[in-house]
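The values are calculated or read from the model by the stated rules, or taken from the named source; none is laboratory data. For clarity, every value in this text was computed on a predicted model and none was experimentally measured. Cβ placement follows ideal geometry from the backbone for every residue including glycine, while neighbour counts extend to all protein chains displayed. We work out accessible area using only protein heavy atoms, side chains counted, and drop any ligands, DNA or RNA first. Shrake-Rupley method; radii C 1.70, N 1.55, O 1.52, S 1.80 Å.
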Amino acid sequence: MDTAYSSFQARQNNIGRPARVRDLERAADQGLDVSCAADPQVIDSDFFHENQWKPAHILLCWFTGTVEGVPFGFRKCYSRSRLTGTCSQGINAVMSANRYLQADYRLLEKAGIAMSRTFFSIQEVLLRQRMEQDADCNPMTVNDVVQIAREGNEVIVEANLDAVLAIEHYTDVDTDKIYLMADLVVITLGSTTHCKRCLGSYAAENEDREKIPAVSVANHRLQDIYEQFREAGVGCNEGYFNPSSLFPDKSDPGRSPTRL
């Protein structure tokens, strides 16, 4: 994947149809009437990566509402948790997702957008998870990385971007998706850890129509992250998704283990 997508340019003041939390904030700042509701959901999925299917939970939130009376709807992925893993991994995925969601709620509230706050449930994730032997697993979020740097520590981040084929499982249908993933390898305090983010997704069958908008959303979210890193003095290779060289691994995936 080309991580030097030179043609990427951020939108300035063009609101259009909201596709990000930042779009809602910008609309409210411009004096537009914005209403919004959030619906956090845990979706059972299978990811085809490194030539094998890996079951996981996707923790995503649907944002719906209106801007000046015009309806909108978009979803944001906050975390991913392995279906087969430790108790700590499931808890950490929920904690990480809720911290990001809490930050978005604060952002919207500051912009004057009133809404009820609902969060992801640790209990729901753990009830679905097939537990292995438990082990400690410290969470790392973008806020953690920024805070460590602001405390005067040297922080280096390597951004690895990837497009991953996934299958989302619903009650009566399976949906093929392409997820735009960022693995932020964080080197600081004498150790290396990972901050993994899902930045966007689109339906595989609607690739021609949905790919470009999804990449745009993912790149705007990357830009927000990089801006936080720059302000805190975090060293990072700032790459972006390039739709012309974005090819998920589809090499004979076969059927996923839990596909209907």
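Would you check which residues across region 41-74 are in contact (Cβ under 8 Å) with a residue 24 or more places away in the chain, touching a Cys at 6+ places or on another chain (Cβ under 8 Å) and surrounded by fewer than 19 Cβ atoms within 10 Å (Cβ to Cβ) and list them?
THR64, GLY65
Of the residues that sit in region 168-181 and are β-branched (Val, Ile, Thr) and over 27 Å from GLY239 (Cβ atoms), which one is least open to solvent (accessible area, probe 1.4 Å)?
THR175
Is region 46-69 home to any residue that is acidic (Asp, Glu) and over 23 Å from TYR105 (Cβ atoms)?
Among the residues of region 46-69, at least one is acidic (Asp, Glu) and over 23 Å from TYR105 (Cβ atoms), which makes the answer yes.
Name the residues in region 96-110 that are at pLDDT 95 or above and of a type in the set (D, E, K, R), would you?
ASP104, ARG106, GLU109, LYS110
Would you call SER191 more than 18 Å from GLU168 (Cβ to Cβ), of a type in the set (S, T, N, Q) and touching a Lys or Arg at 6+ places or on another chain (Cβ under 9 Å)?
In short, no.
So how many residues does region 118-150 have that are modelled with pLDDT of 90 or more and exposed (fewer than 14 other Cβ atoms within 10 Å of the Cβ)?
1
How many residues are touching a residue at least 40 places away in the same chain (Cβ under 8 Å), assigned to a strand (DSSP E or B) and open to solvent by 20 Å² or more (accessible area, probe 1.4 Å) if we restrict to region 182-193?
So the answer is 1.
List every residue pair whose Cβ atoms sit under 7 Å apart, with the two residues 6 or more apart in sequence or on different chains, where the first one lies in region 207-224 and is more than 16 Å from LYS196 (Cα to Cα) and assigned by the TED database to the domain that holds TYR179 and the second, anywhere, is polar (S, T, N, Q) and open to solvent by less than 40 Å² (accessible area, probe 1.4 Å).
Hits for this filter: ALA214/SER201.
Out of SER201, SER216, which single residue is closer than 21 Å to SER96 by Cα and of a type outside the set (A, V, I, L, M, F, W, C)?
Details: SER216 fails: closer than 21 Å to SER96 by Cα.
Sole residue among the options that is closer than 21 Å to SER96 by Cα and of a type outside the set (A, V, I, L, M, F, W, C): SER201.
From (1) assigned to a strand (DSSP E or B); (2) modelled with pLDDT of 90 or more; (3) open to solvent by 40 Å² or more (accessible area, probe 1.4 Å), pick out the condition that doesn't hold for LYS196.
If we test LYS196 against (1) assigned to a strand (DSSP E or B); (2) modelled with pLDDT of 90 or more; (3) open to solvent by 40 Å² or more (accessible area, probe 1.4 Å), just (2) comes out false.
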